1. Pick out the one residue from 197, 172 that is touching a strand residue (DSSP E or B) at 6+ places or on another chain (Cβ under 6 Å), modelled with pLDDT of 90 or more and open to solvent by 60 Å² or more (accessible area, probe 1.4 Å).
2. Test of understanding: among 44, 98, 113, which residue is surrounded by fewer than 18 Cβ atoms within 10 Å (Cβ to Cβ), hydrophobic (A, V, I, L, M, F, W, C) and closer than 21 Å to residue 169 by Cβ?
3. Hey, could you check region 175-194 for residues that are in a loop (DSSP other than H, G, I, E, B) and open to solvent by 50 Å² or more (accessible area, probe 1.4 Å) and say which is farthest from residue 137 (Cα to Cα)?
4. Please enumerate the residues belonging to region 256-310 that are β-branched (Val, Ile, Thr) and in contact with a strand residue (DSSP E or B) (Cβ under 6 Å, 6 or more places away or on another chain).
5. Please enumerate the residues belonging to region 294-326 that are of a type in the set (Lys, Arg) and either under 13 Å from residue 339 (Cβ atoms) or at pLDDT 95 or above (or both).
6. Out of (1) over 36 Å from the mean Cα position of the chain (by Cα); (2) open to solvent by less than 90 Å² (accessible area, probe 1.4 Å), the odd one out for residue 314 is which?
7. Does residue 141 meet the test of being over 30 Å from residue 260 (Cβ atoms), open to solvent by 30 Å² or more (accessible area, probe 1.4 Å) and either among the aliphatic types (A, V, I, L, M) or not in a loop (DSSP other than H, G, I, E, B) (or both)?
8. Scan region 63-101 for residues that are in contact with a strand residue (DSSP E or B) (Cβ under 8 Å, 6 or more places away or on another chain), in a loop (DSSP other than H, G, I, E, B), free of Cβ contacts under 8 Å to residues at least 60 places away in the same chain and under 26 Å from residue 246 (Cβ atoms) and report the count.
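The values are calculated or read from the model by the stated rules, or taken from the named source; none is laboratory data. This one's a predicted model, so the numbers in the text were calculated from it and none came from an experiment. Using ideal geometry, Cβ is built from the backbone for each residue, glycine included, and neighbour counts are taken over all protein chains shown. Note: accessible area is taken over every heavy atom of the protein model, side chains too, but ligands, DNA and RNA are not part of it. Shrake-Rupley method; radii C 1.70, N 1.55, O 1.52, S 1.80 Å.
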Amino acid sequence: MNRFNVILKLILTVLILTIIAAPLIAELSSLQIEGKPVKSSDEIVGVKDANGRFCAAIQVISDMDGFAYDSYNGVIRVDKKPGKDMVYLQPDERVLEIFQTGYEPMKIILSEIGIKLNSKEVWKIRLTGEKKLINIPIVIISEPSGAIIFIDGKEQGTGKQHTVAEGNHQLKLVKDGYQPLIEAIYVDVNNTLFEFKLSEIEDVDLVINTVPSGAEVFIDNVMFGKTPINDFYPAGKYPIRIEKEWYVTFEDYIEIKPPQTKEDYSLNPDFGSIEVTSSPQGGMDIYLNGVARNVQTPHTFNQLRPGLYKVNARSQYYESNEIEVQLQRGKAEKVGLISK
């Protein structure tokens, strides 16, 4: 009986350890940026986008390989070299996403880490998948004192002393009657003291327009209104998000300054178009990915989500070949089907 109890305890122990360990095994590691981004002074981009503009570029330096990239406007091109990927982007791009098997996707709001893209310019960032083991004590001082401190989105109270890992962090200070302060800071053994002066709240005449209009605007994650907007908002620096169906969500920061702040944003389409014709026989029913769309050739689908489409057409006495189209954001494709 005692031997049976021992075996039972061993089985229960193994089961408990398995349950505890399972989420740890499934947990993904995080990618991290080492140091500060650096603008290259000796490299010039010669790649152009589809509109003939010279691109900007971000060189991703790492001891890891196999990265994949995406951005809100779409990545123009990636030149892969061991340890150095050159990612070509439109000069007005604001977000870069980096993917690596076994790691959580990394979404970089470029302005948050001090990058402002311009045509022909190259920025360099150093990426690692190793978690920082160095915890560094830092001191954060606000004037006036008593501001609530957020580090990387987590509230830390009003104390001055904190401990964080070496590297880049987002800092936010909030105090009633004062403008919220958002700053990107870099912490290492030589950067441990951070002092900030808060400004009193002052309502500012804020004008926001978008092309197209009718987009929903969120400031500091709170719905502010639909464009066009002309209203008052407290001065300060805030995260802004603009959403509209069929368009790519815009994310960045807005700095609201007196006496008036006016911002105009152009949203990028999150759709493309496909023009379908057939010859010599016209008036054929169009099928996309095997589904009848209840329209006949010739016809233009003006709003289709990006993706792979298999296009063909049929009628009572005719059928066509099938053509595959990889539709990208903002692109217009033409498909000419041959009927027989």
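1. That would be 197, the only listed residue that is touching a strand residue (DSSP E or B) at 6+ places or on another chain (Cβ under 6 Å), modelled with pLDDT of 90 or more and open to solvent by 60 Å² or more (accessible area, probe 1.4 Å).
2. Answer to the check: 113.
3. That would be 176.
4. 256, 261, 274, 276, 277, 286, 295, 297, 300
5. Within region 294-326, 310, 314 qualify.
6. (2)
7. yes
8. Looking only at that region, the number is 5.
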